[in-house]
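The values are calculated or read from the model by the stated rules, or taken from the named source; none is laboratory data. On a predicted model such as this, the values are computed, not experimentally measured, just so you know. Cβ: placed from backbone, ideal geometry, glycine included. Neighbour counts: every protein chain shown.
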Amino acid sequence: MAFCRRCDLRVLVAIVCGLLTTIVFGMSIWRIMMRIKRGTYAPPSSIPIAFCRNGGTWENGRCICTEEWKGLRCTMENFCKNSTYQNFTFPRIPVGRYGSSLQKCNEKTLNAGHPIATRLCNLNENGEITLEEAIIGSCNENLESLEKQIDKISVASQNISTEALILTSDVSKLTPENITSAANVVGQIFNSSRNASSEAKLVAVTTVSNLLDVNEDVFQEASADNTFATLIEQMEAYSLSLGNKTVVEPNIAIQSVNFSSESTVQPTGIRFTVRKGTSNSLISGSTSVSTSADSLDPDAQTELQIWLNTSKINLQSCGFVVYQNNKLFQSKTFTTKTNFSQKIISGTINKNEKNQSPSVEMVFRPQYKSKEFQLHSYACVYWNFSMKDWDTNGCYKERSTNELLRCRCTHTTNFAVLMTFKEGYTYPESLDTLSNIGCALSIIGLVLTIIFQIVTRKVRKTSITWVLVSLCISMLIFNLLFVFGIENSNKNDNNISNVSSTPNIIPHDDLDSNPNPTCTAIAILLHYFLLATFTWTGLSAAQLYFLLIRTMKPLPQRFIMFISLIGWGLPAVVVSMTVGIIFSHNKNDSRWYLKYRKEEICWLAIPKNNDYITSPLLWSFILPVTIILLSNVIIFIIIVVQVLWKNNQNLTSTKKVSLIKKILSTLSIAVIFGITWILAYLMLIGDDVIRTVFSYMFCSFNTTQGLQIFILYTVRTKTFQNEASKVLKSLSSSSGRLKSLPPMTPLRLRVRMYNMLRSLPVLNERFRLLEPLVVTQETTLSESDQANADN
């Protein structure tokens with residue numbers, strides 16, 4: 001009879017487990033179908049796929065084309081095709097650019113490896129694309145030798161300027177020393193005391209444009225010299241001498257405005273405007289100047305605009321210089337990590353009275369990838385030549401928006417806005433109902449299992465308590481951290497309503513660094529406790545292997561201490577080594593923590609370039625977990641085949657093992673070994689629908705793992721059943737004493753319940769086990785009532 005009762009209880013537990021699993025699994029399938037149904041009616045994208053052609057990208061409401069294409073969709077040619085000139089061959093050259101010849105100087109020359117000739121692709125007066133004649137250089141000249149010829153600029157300026165242009169036409173070959181030499185040569189060509197020709201200065205502007213194409217890292221290595229400051233000052237002076245002319249190159253534009261000394265009416269304000277184009281390069285016609293402007297007047301096409309208030313100043317001339325980027329302005333306090341265009345505008349005036357200084361107002365339209373980044377803050381600054389760095393003295397921020405940034409300064413010089421961006425992370429939604437329910441059930445189950453294992457350890461007299469308790473503790477802490485800490489708190493302050501509300505302080509770099517050490521700490525703890533959970537599943541498998549497979553051999557000496565050191569120590573070693581290696585390799589980067597964890601959630605980072613070989617997620621988590629799961633699967637198969645499902649006719653105990661007991665035992669081992677985590681590998685399948693199905697299956701099985709352990713390792717034990725029976729009996733008797741009801745009504749109701757339960761043998765046995773005395777009394781009364789009714 002006792003054996004039947006135990007079997008009936010196991011059947012009941014199996015039914016309950018099956019019902020819970022079916023409900024959770026059904027909820028996941030229902031959610032998948034709802035997701036698929038909602039996805040069928042998703043609104044079409046406002047921008048068609050591949051709308052921008054030939055390498056163009058859709059940014060800020062327009063196609064940004066490469067230099068070789070233009071037009072609404074980047075379908076119009078903006079280059080000169082492959083060409084030849086004398087014995088020289090030239091590849092495709094974008095309009096406004098000089099192209100280098102394929103022929104290089106030979107190895108025995110001073111300028112070995114550099115192109116011999118260069119050729120300009122330009123637009124004629126009718127707007128047609130034309131190729132200029134090639135300029136042939138000397139292979140016995142290099143930038144260092146030209147630097148030694150600065151004293152000859154007054155008599156050979158055209159030749160020196162042309163050679164400098166040819167030597168800088170292939171920017172991929174320029175070294176930091178080359179940049180310094182070229183900047184020094186060009187700066188002296190602009191120096192009015194050298195008396196260089198106007199043609200040489202025009203060519204020198206192109207050379208400066210070439211230099212601004214050099215990689216930022218090369219520029220930073222060449223920034224230790226004062227050469228750049230001299231070049232900037234000389235170009236400011238040159239902007240005053242063009243006489244109402246404009247010079248535009250891809251990376252630099254210069255505008256000059258002269259005022260007649262005979263004019264009695266002085267302008268109230270001068271406005272200089274740079275308009276957006278189809279590419280990031282400056283082109284002819286993209287700049288304009290107004291000599292009678294009362295204020296700023298930006299429109300939708302304005303990228304940069306500056307207004308000088310000259311109502312109280314007696315002007316002679318005014319000059320503007322626009323730099324495509326800030327490479328000539330190498331700052332010690334502000335570093336750039338993005339490749340966004342941060343234009344620099346210079347406004348210079350030549351006045352009759354030295355004490356007069358105009359006020360300046362500017363508006364900048366930041367150009368950046370709005371899908372990947374968002375503007376966080378900015379500072380209005382000017383270039384301080386004495387400090388050789390950016391400064392905010394005399395500059396103020398005006399009311400701005402994310403599209404137009406406004407500044408005001410009390411003097412003229414080189415101005416800029418130093419912008420900081422936040423990466424446009426797509427923070428995931430909070431955990432859905434399915435995950436919350438599963439984790440809540442697991443947390444409750446794990447807590448009850450830990451309490452039960454500790455309280456009843458003397459009664460059960462089993463050595464498996466420590467391994468199971470350690471596994472439950474690591475899994476419990478992981479679940480708590482997962483539910484309450486995996487979301488990054490930065491998610492709550494992701495939007496900035498007004499960028500001008502922040503102080504006018506120079507930022508450290510152009511990427512906002514909000515380290516959030518709490519999120520980093522939670523990522524470390526999640527990493528540790530999930531690794532510990534898998535480690536303890538592996539140790540559970542090892543211990544069960546010793547107990548079941550090597551039944552005739554005792555456990556190794558100090559086995560518990562040994563596995564404790566492994567279970568809690570090995571994950572700590574892996575996590576500490578991971579964090580230490582990442583920090584040591586990126587200690588100079590203020591955002592080093594993003595090499596370890598994600599910004600979207602407090603978990604291990606996945607590289608953007610899919611370089612998983614160097615990813616901490618691979619070698620500090622996936623690799624050790626894969627090894628543990630593989631060994632667990634092998635031990636699981638051995639135990640199932642050799643112990644659980646093997647019928648040994650010589651052992652009477654195996655003959656009595658029912659199919660239900662075998663299934664429950666198999667499930668128990670699968671749960672404690674973490675076999676269901678294999679579903680995570682199936683989530684890597686490329687098909688979205690299949691991956692979604694396995695994702696919800698993974699969520700259903702693994703978020704309820706703690707509940708499964710509670711049912712299989714606590715509810716099924718005799719100790720728990722006996723204690724539960726005592727509690728139920730106590731509650732039943734207490735309820736009977738507290739309630740005073742009419743004598744016959746509850747009696748008849750309980751008799752009917754007993755008669756109904758007799759049709760279910762399993763529940764009937766349990767009912768008799770819990771309340772044998774009451775059932776006997778009610779049965780007697782029931783038989784008496786039936787006899788009276790018959791009479």
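Scanning segment 652-694 for residues that are at pLDDT 70 or above and among the small types (Gly, Ala, Ser) gives SER665, SER668, ALA670, GLY674, ALA680. Residues that are hydroxyl-bearing (Ser, Thr, Tyr) and over 45 Å from the mean Cα position of the chain (by Cα) were ranked within segment 176-210; the one that is surrounded by the fewest Cβ atoms within 10 Å (Cβ to Cβ) is SER193.
Criterion applied to SER311, SER346, SER370, SER317 was being under 23 Å from GLN255 (Cβ atoms) and surrounded by fewer than 18 Cβ atoms within 10 Å (Cβ to Cβ), and the one residue passing it is SER311. Note on segment 149-175: among residues that are among the polar types (S, T, N, Q) and in contact with a Ser or Thr (Cβ under 6 Å, 6 or more places away or on another chain), the one that is surrounded by the fewest Cβ atoms within 10 Å (Cβ to Cβ) is GLN158. In segment 80-121, the residue that is farthest from the chain's Cα centre (by Cα) out of those that are of a type in the set (Val, Ile, Thr) and not in a loop (DSSP other than H, G, I, E, B) is THR84. Could you tell me which numbered condition ALA117 fails, if it satisfies all but one of (1) surrounded by 21 or more Cβ atoms within 10 Å (Cβ to Cβ); (2) in contact with a strand residue (DSSP E or B) (Cβ under 8 Å, 6 or more places away or on another chain); (3) over 19 Å from ILE93 (Cβ atoms)? It fails just one condition, (3).
Considering LYS312, LYS327, the condition of being part of a loop (DSSP other than H, G, I, E, B), charged (D, E, K, R) and in contact with a helix residue (DSSP H, G or I) (Cβ under 6 Å, 6 or more places away or on another chain) is satisfied by LYS327 alone.
Every residue, every condition in (1) surrounded by fewer than 20 Cβ atoms within 10 Å (Cβ to Cβ); (2) touching a residue at least 24 places away in the same chain (Cβ under 8 Å); (3) assigned by TED's automatic domain parsing to the domain that holds ASN339, yes or no:
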residue	(1), (2), (3)
ILE270	no, yes, yes
VAL274	no, yes, yes
SER279	no, yes, yes
VAL289	yes, yes, yes
ASP299	yes, no, yes
ILE306	no, yes, yes
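Here LYS354, LYS276 are screened, and the one residue that is at pLDDT below 85, over 30 Å from ASN126 (Cβ atoms) and among the basic types (Lys, Arg) is LYS354. So ILE563 clears everything in (1) over 32 Å from the mean Cα position of the chain (by Cα); (2) modelled with pLDDT of 90 or more; (3) among the β-branched types (Val, Ile, Thr); (4) crowded, with 19+ Cβ neighbours inside 10 Å except one condition, right? Which one? So the condition that ILE563 fails would be (2). For the criterion of being under 31 Å from the mean Cα position of the chain (by Cα) and either of a type outside the set (Val, Ile, Thr) or closer than 17 Å to ASN504 by Cβ (or both), SER370 passes.
Number of residues in segment 76-108 that are β-branched (Val, Ile, Thr) and either at pLDDT below 90 or surrounded by 17 or more Cβ atoms within 10 Å (Cβ to Cβ) (or both) equals 2. The set of residues from segment 481-503 being part of a helix (DSSP H, G or I), surrounded by fewer than 16 Cβ atoms within 10 Å (Cβ to Cβ) and at pLDDT 80 or above comprises just one member, PHE484.
Before we move on, is LEU531 in a helix (DSSP H, G or I) and modelled with pLDDT of 90 or more? Answer is yes for this residue.
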